[in-house]
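Participant: Sharing a structure with you now.
The values are calculated or read from the model by the stated rules, or taken from the named source; none is laboratory data. A quick note: this is a predicted structure, and the numbers were derived from the prediction, not measured. A quick note on method: Cβ atoms are made from the backbone with ideal geometry, for glycine too, and the neighbour counts reach across all protein chains shown. Just so you know, the surface numbers come from the protein's heavy atoms only, side chains and all, with ligands and any DNA or RNA stripped out. Shrake-Rupley method; radii C 1.70, N 1.55, O 1.52, S 1.80 Å.
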Amino acid sequence: MSVRVRFAPSPSGSLHVGNVRTALFNWLFARKNKGVFILRIEDTDVERTFYSAYQGILEDLSWLGLNWDEGPYRQSERLDIYKSYAIRFLEEGLAYKCFCSPEELEREREKAIKEGRPPRYSGKCANLSPEEVSRLEAKGISYSIRFKIPKDAYFVVDDIIRGRIEFDVNAITGDFIILRSDGMPTYNFAVVIDDYLMKITHVIRGEDHLSNTPRQLLIYKALGVEPPRFAHLPMIVGSDRSKLSKREGSLSIKELREQGFLPEGVVNYLALLGWSPKGEEIKTLDELVEEFSLEEVSPSPSAYDPAKLRWINRQHILRLDEEKLLEYAKPFLGDLNNYPKDWLLKAIVSIREYAETLSDIPRYIEKYYLSDINLDKSYKEELILGKKAIETFLNLLRETEDLSVIDNVFKEAIKISGVKGRRFYHPIRLAITGYESGPELVEFIPILGKDRCIERLERALKFLEE
Ligand code: GLU
């Protein structure tokens, strides 16, 4: 049977790292097994559903490269389906109409809490006679449909990540609503009807849904079908092991994108939350597909580490194809986009190793190539010692037309001046870049251009005389 999995977000806000790790693991599992990845939008909670969030989900997944094969299905467009199954359950005696008002239910709930009992529905309407039901309906009293929990509801699940889990449903829940009086299905009902109709083979989702699993198993049983395999992913926690919070940095994918993280970096980092590859941690999406294994996901919570995310992102900036890096960087470059493409490409490549995010790129281009350099007082001594090297190099540079052979100019200057190694290069670096470290000089000088190099070298010579 071919693998069919789904990502089923509720469009109530931006996708954050937790949701997307779930999407990613589903996607990797589908791709690895040559299966189908389905996108389903769980938008039956009208008050918490936003169109912008729906669009955001599609945008974020596309940006990350997590393409879907079916969908997006929207639960709000499938209400008739859920209703027909609720009616089927009514007819089969597996569910009943509940006429209790929200106020009445709330009173019962409060009473239970006060008396130290778990708040459960009393089952009152389960015992209404058909005549009473007709009478209440004739009076126009609205009703919800409740699922009747059988006496001996006990399940054992073999979760792919968490192993054997037992559920004694009677100890967990009372009869629960499957269809609200306004015709909307509840989550636990709609999710099973959809997973069943969409022939989902594996439900891969956050561990926070573990408590919903027994109710869902009841629905599968009522449908008379085998449930899919379950894999509950470990929670993502903050560095202090508490619930992940905004304090830990940017958590929405949109924010990460706007801050200049690469999709490659985000996906690679998220894949490591709960799973670890053998060997190298830096992987492309294709390599992740190749190596990913759901069985190897650890059940213990994974800590979100923004510093590691930045480190991984940097590794991807370093490895990216140059043209692609320029393409990715464009939205972050502002006025720099007006520079000739060739120049920009070389400048970006020369400073890429310093950038953790794309938004660092214009800062480093500005720092090394565009802003006036300010020679630090502490450089003076070294510049004085390097005067001969600087002067010799400057003289030769004046006569050089082709900066692509700058290496030969260096060799020549070393020969003439008799200064070599660090004592030759370092004062020149200070003079030309303004910093103790930076891009390779052979790369740097052609990008800066002959005139500006000469200008900077002359300034340094003046500065060491001051
Ligand atoms: N709509 C649910 C959520 O956003 C998905 C539940 C599931 O995967 O079963 O958490």
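Participant: Identify all residues within the stretch 403-424 that are touching a Leu at 6+ places or on another chain (Cβ under 8 Å) and in contact (Cβ under 8 Å) with a residue 24 or more places away in the chain; write none if there are none.
Facilitator: Scanning the stretch 403-424 gives Ile406, Phe410, Ala413, Ile416, Arg423.
Participant: If you go through the stretch 188-204 one residue at a time, how many are open to solvent by 10 Å² or more (accessible area, probe 1.4 Å) and near the ligand (Cβ under 10 Å from one of its atoms)?
Facilitator: 2
Participant: So, Ile149, is that one within 16 Å of the ligand (Cβ to nearest atom), among the hydrophobic types (A, V, I, L, M, F, W, C), farther than 23 Å from Arg31 by Cα and buried (at least 17 other Cβ atoms within 10 Å of the Cβ) or not?
Facilitator: no
Participant: Being out of contact with any Phe, Trp or Tyr (no Cβ under 9 Å at 6 or more places or on another chain) and acidic (Asp, Glu) is true for just one of Glu137, Glu104. Which residue is that?
Facilitator: Selected residue: Glu104, the only one of Glu137, Glu104 that is out of contact with any Phe, Trp or Tyr (no Cβ under 9 Å at 6 or more places or on another chain) and acidic (Asp, Glu).
Participant: How many residues does the stretch 1-55 contain that are more than 10 Å from the ligand (Cβ to nearest atom) and among the acidic types (Asp, Glu)?
Facilitator: Result for the stretch 1-55: 1.
Participant: Given (1) open to solvent by 20 Å² or more (accessible area, probe 1.4 Å); (2) at pLDDT 95 or above; (3) of a type outside the set (Gly, Ala, Ser), identify the lone condition not met by Ile41.
Facilitator: Result: Ile41 fails condition (1) only.
Participant: Could you give every pair whose Cβ atoms fall below 8 Å, whose first residue belongs to the stretch 140-154 and is free of Cβ contacts under 8 Å to residues at least 60 places away in the same chain, and whose second residue is open to solvent by less than 70 Å² (accessible area, probe 1.4 Å) and of a type in the set (Asp, Glu), counting only separations of at least 6 or pairs across chains?
Facilitator: Arg146/Asp175; Lys148/Asp175
Participant: Here's another thing I want to ask about it. Which residues, taken from the stretch 258-267, are closer than 15 Å to Leu24 by Cβ and either open to solvent by 20 Å² or more (accessible area, probe 1.4 Å) or not aromatic (Phe, Trp, Tyr) (or both)?
Facilitator: Those that are closer than 15 Å to Leu24 by Cβ and either open to solvent by 20 Å² or more (accessible area, probe 1.4 Å) or not aromatic (Phe, Trp, Tyr) (or both): Leu262, Pro263, Glu264, Gly265, Val266, Val267.
Participant: If you don't mind, there's one more thing I want to ask. Go through the stretch 213-249 residue by residue and tally those that are assigned to a strand (DSSP E or B), within 15 Å of the ligand (Cβ to nearest atom) and open to solvent by 10 Å² or more (accessible area, probe 1.4 Å).
Facilitator: The number of residues fulfilling the criteria is 2.
Participant: Show me the helices (runs of 4 or more DSSP H) found entirely inside the stretch 19-132 where at least 3 residues are touching a helix residue (DSSP H, G or I) at 6+ places or on another chain (Cβ under 8 Å).
Facilitator: The qualifying helices (runs of 4 or more DSSP H) are 51-64, 79-91.
Participant: Restricting to helices (runs of 4 or more DSSP H) lying wholly in the stretch 274-369: which have 2 or more residues that are within 21 Å of Gly449 (Cβ to Cβ) and out of contact with any Asp or Glu (no Cβ under 6 Å at 6 or more places or on another chain)?
Facilitator: 322-333, 341-351, 360-365
Participant: A follow-up question, please. Against the definition (more than 21 Å from Pro228 (Cα to Cα) and modelled with pLDDT of 95 or more), how does Ser144 come out, yes or no?
Facilitator: Spelling it out, Ser144 is indeed more than 21 Å from Pro228 (Cα to Cα) and modelled with pLDDT of 95 or more.
For every residue, the table says whether it meets (1) of a type outside the set (Asp, Glu); (2) free of Cβ contacts under 8 Å to residues at least 12 places away in the same chain; (3) in contact with a Pro (Cβ under 6 Å, 6 or more places away or on another chain).
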position: Trp63; (1), (2), (3): yes, no, yes
position: Leu66; (1), (2), (3): yes, no, no
position: Pro72; (1), (2), (3): yes, no, no
position: Leu90; (1), (2), (3): yes, no, no
position: Cys100; (1), (2), (3): yes, no, no
position: Glu108; (1), (2), (3): no, no, no
position: Ala112; (1), (2), (3): yes, yes, yes
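Participant: Please list, ordered by first then second residue, the pairs with beta carbon atoms under 7 Å, 6 or more apart or interchain, first in the stretch 373-396 and farther than 17 Å from Gly421 by Cα and among the basic types (Lys, Arg), second modelled with pLDDT under 95 and open to solvent by less than 90 Å² (accessible area, probe 1.4 Å).
Facilitator: Within 7 Å, the pairs are Lys380/Leu464.
Participant: When Glu280 is evaluated against the numbered criteria (1) more than 16 Å from the ligand (Cβ to nearest atom); (2) under 19 Å from Leu15 (Cβ atoms); (3) surrounded by fewer than 22 Cβ atoms within 10 Å (Cβ to Cβ), which criterion, by number, is the only one it fails?
Facilitator: Failing condition for Glu280: (2).
Participant: Could I ask something else about it? Please enumerate the residues belonging to the stretch 300-311 that are of a type in the set (A, V, I, L, M, F, W, C) and either under 18 Å from Glu258 (Cβ atoms) or in contact with a Pro (Cβ under 8 Å, 6 or more places away or on another chain) (or both).
Facilitator: Leu309
Participant: Here's another thing I want to ask about it. Take the conditions farther than 25 Å from Asn338 by Cα and surrounded by fewer than 13 Cβ atoms within 10 Å (Cβ to Cβ) and apply them to Gly418. Does it pass?
Facilitator: The answer is yes for Gly418.
Yes/no per residue for (1) modelled with pLDDT of 95 or more; (2) among the hydrophobic types (A, V, I, L, M, F, W, C):
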residue	(1), (2)
Ser76	yes, no
Tyr85	yes, no
Leu90	yes, yes
Ala95	yes, yes
Cys98	yes, yes
Glu115	no, no
Arg135	yes, no
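Participant: Let me ask another. For the stretch 124-139, state whether one or more residues are buried (at least 16 other Cβ atoms within 10 Å of the Cβ), on the phi < 0 side of the Ramachandran plot and not hydrophobic (A, V, I, L, M, F, W, C).
Facilitator: Checked the stretch 124-139: no residue is buried (at least 16 other Cβ atoms within 10 Å of the Cβ), on the phi < 0 side of the Ramachandran plot and not hydrophobic (A, V, I, L, M, F, W, C).
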